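The next block holds one structure in the form of C-alpha cells; read it before the comments.
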Amino acid sequence: MTIDEAVVFATTGARDLHCDVFHPPQPGSGRTAVLLLHGGAWMVGDRSQLRGYGILLARYGLVCIASEYRLSGEAHWPAQVHDVKAAVRWVRANAEHLGIDPTRIVVSGNSAGAHLALMVAGLPSGEMEGDGGNQGVPTDVAAVVAIYPPVKLRRGGEADDPVRLLLGPDATRELEEQASPIRYVHPGYPPTMLVHGNADELVPVEASFVMYHALVEAGAPVELHVFDGEPHAFDAAPALGRQVADLIALFVDRKVS
C-alpha cells in the first residue's frame with residue numbers, strides 16, 4: 001500500500017488542514033473510503049495516531065483518510081465538527097481521484113474523534129457545515145465507527161476540564177446539548193459500530209450502552225463490541241488494534257460494501 005502524506009483538504013481559520021491518504025496495494029475504483037479521526041480530548045493529538053488503522057484497513061482494500069481538525073486550544077466548538085465536515089466534502093469531491101464510490105464514505109474515530117464521528121453521522125447535510133472549501137457537497141456518510149466515544153457532553157468544574165476547554169468560556173447547557181451526539185439519534189441514523197472497554201475510567205463503557213440503546217429504540221442499525229477488562233485507548237496494543245481493525249473491515253463489508 002502507499003501513503004500520500006500532508007495533503008491539504010481545506011483552508012480554514014489561519015492555516016491549512018491536512019490529511020494522510022492510505023491507498024490499497026492494488027489500484028481500483030468504486031471502493032469504500034474510511035475517514036479516520038484521532039482522539040486526545042479535543043486538546044492534543046494528531047492524524048498520525050491512526051496510522052496503524054490506515055495501513056491495516058488499506059490492506060483490506062479500503063481507502064483510508066486520516067484527517068486533522070482544529071484542537072480546542074486553537075478554536076472552540078463547533079470548529080472541530082466544521083473541519084470534519086470539510087474533510088467529508090473533500091473526500092466526496094475527490095472520489096474519482098481517490099478511486100472511491102462517493103456514496104460509500106465511512107467515518108471512524110477514537111475517543112474525541114469518535115465523538116466527532118457520531119456528530120457528523122447524526123447531523124444532516126447543511127447543518128454545522130462551516131467553511132473550508134467544496135461548499136454544497138453533501139456531508140452524509142454511509143456508516144460510522146465510534147471507539148470509546150463520549151456521547152453526552154457535560155462541563156467539569158476544573159479549569160482544565162476538556163469539555164469546558166472545547167466549548168469555551170461562554171458555554172451553556174444548551175451548547176452542551178448541541179455538542180452531544182445522543183441528541184442527533186434518529187431512525188435514519190447510518191449503520192453504527194460502537195467499541196468500548198469495560199474498564200475504561202476516562203469514558204465509562206456506559207456511554208456506548210446509552211448510545212446503543214438510543215439507536216435501537218430509534219430503529220437504527222447498531223452493534224456494540226465490549227472488550228472485557230480493557231481501559232481507555234486499549235487498541236494501542238498491537239494485538240487488540242488488529243482485532244478492532246478486523247471488526248471494522250467486517251462491519252464495512254456487511255453494512256456498506
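From the convex hull of the Cα coordinates of the stretch 72-121, what is the mean projected area in square nanometres? Display every interim value, and only then the final one.
Values: hull surface 15.3 nm².
Approximately 3.8 nm², given one-decimal rounding.
Picking from 187, 169, 150, which is most flexible by a Gaussian network model of the chain using Cα springs under 10 Å?
Between 187, 169, 150, it is 169 that shows the largest mean-square fluctuation.
Over the stretch 132-239, what lengths in whole Å, largest first, do the semi-axes of the equivalent ellipsoid take, defined as the square roots of 5 times the eigenvalues of the alpha-carbon gyration tensor?
Details: eigenvalues 104, 96, 44 Å².
After scaling each eigenvalue by five and taking roots: 23, 22, 15 Å.
Please list the equivalent ellipsoid semi-axes of the chain, computed as the square roots of five times the alpha-carbon gyration tensor eigenvalues, in descending order and whole angstrom. If you can, show how the numbers build up before the last one.
Numbers: eigenvalues 124, 93, 62 Å².
That gives 25, 22, 18 Å for the three semi-axes.
Express the carbon and sulfur contribution to the solvent-accessible surface of the stretch 1-111 as a percent, rounded to the nearest whole number, probe 1.4 angstrom.
On the way: 2100 of 4050 Å².
Answer for the stretch 1-111 is 52 percent, counting heavy atoms of protein chains only.
What value, in deg cm²/dmol to 500, does the helix sum -39500 (n - 2.57) over DSSP H runs of n ≥ 4 give at 222 nm once divided by the residues of the chain?
Values: 8 runs with 81 residues, N = 257.
Computed mean residue ellipticity for the chain: -9500 deg cm²/dmol.
Using only C-alpha positions, report the orientation-averaged shadow area of the convex hull of the stretch 10-66, nm², one decimal. Show your work: numbers first, answer last.
Working: hull surface 18.4 nm².
So the mean shadow area of the Cα hull is 4.6 nm².
Could you check which residue among 65, 147, 182 shows the biggest mean-square fluctuation in a GNM of the chain with a 10 Å Cα cutoff?
Comparing 65, 147, 182 in the GNM, the peak value goes to 182.
Averaged per residue, what accessible surface does the chain expose to a 1.4 Å probe, in Å²?
Values: 10400 Å² over 257 residues.
Here the residues of the chain average 40 Å² of exposed surface.
Take every Cα-Cα pair in the stretch 69-156 and report what % of them are more than 23 Å apart. Please report the intermediate quantities before stating the final value.
On the way: 741 of 3828 pairs.
When every Cα pair of the stretch 69-156 is considered, 19 percent fall beyond 23 Å.
Relative to 2.2 N^0.38 Å, what does the C-alpha radius of gyration of the stretch 1-103 come to as a ratio? Two decimals please. Each step should come with its number before you reach the end.
Numbers: Rg = 13.4 Å, N = 103, 2.2 N^0.38 = 12.8 Å.
Its radius of gyration relative to the 2.2 N^0.38 Å reference: 1.04.
The values are calculated or read from the model by the stated rules, or taken from the named source; none is laboratory data. This is a predicted model, so every value here is computed, not measured. For the accessible areas, the whole protein counts, side chains as well, though only heavy atoms, and no ligand, DNA or RNA atoms are used. Shrake-Rupley method; radii C 1.70, N 1.55, O 1.52, S 1.80 Å.
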